[in-house]
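The values are calculated or read from the model by the stated rules, or taken from the named source; none is laboratory data. The shown structure was predicted, so the numbers you read here are calculated from the model rather than taken from an experiment. Neighbour counts run over all protein chains shown; Cβ positions are idealised from the backbone, glycine included. Note: areas computed on protein heavy atoms with side chains; ligands, DNA, RNA excluded. Shrake-Rupley method; radii C 1.70, N 1.55, O 1.52, S 1.80 Å.
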Amino acid sequence: PNNNATIKNIDVVGSQVGNEIYISSLGATALALLCMFIYVMVRFQAKLALGAVLALFHDSIITVGIFAFFGWPFDLTVLAAVLSLIGYSINDTIVVFDRIRENFRRVRGASPTQIVNLSLTETLRRTIMTISTVLLVVVAMLLLGGESLHWFSVAL
């Protein structure tokens, strides 16, 4: 009852810990991209895997670049959002690649460009529905999630 102790919230990370988090986050992102490259290469083809991983790298670099450009804080929640973004992106890429593979087998006499266009058109509705659902959740997290989910939802 006579305890005068106070709990202080410390939000500052030292330079050594910050550097370790930075190195670990780069390693986690690189490992995720490598695993997805191997998965797509085994499931489809190496040339498709290279394109998929470059697209994933592009998505993550754009997100990190926007945070750097505006000077927003990049912490572990933002890293989790970038990894989630990579997961959403590879999911959509796998769906499109699977449809392309099906259409190469199903549609005869069409050029590869026509088959890719057909596959993208066929998966467009699913992609729009997925993005709309995720956007509703992200907006809800942004408005109602509080301080802890703010930057996570901004990154997504």
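A few points about this structure:
- In the set (1) surrounded by 14 or more Cβ atoms within 10 Å (Cβ to Cβ); (2) in a helix (DSSP H, G or I); (3) over 17 Å from the mean Cα position of the chain (by Cα), Asp92 fails one condition alone, (3).
- Pairs where the first residue, in region 124-138, is under 13 Å from Leu156 (Cα atoms) and the second is surrounded by fewer than 10 Cβ atoms within 10 Å (Cβ to Cβ), C-beta under 7 Å, 6+ apart: none
- Of all the residues in region 1-47, those that are modelled with pLDDT of 75 or more and not in a helix (DSSP H, G or I) number 5.
- Qualifying residue in region 108-117 (condition: outside any helix (DSSP H, G or I), over 22 Å from Ile23 (Cβ atoms) and open to solvent by 50 Å² or more (accessible area, probe 1.4 Å)): yes
- Any hit, region 48-56, residues being within 15 Å of Ser25 (Cβ to Cβ) and either open to solvent by 40 Å² or more (accessible area, probe 1.4 Å) or in a helix (DSSP H, G or I) (or both): no
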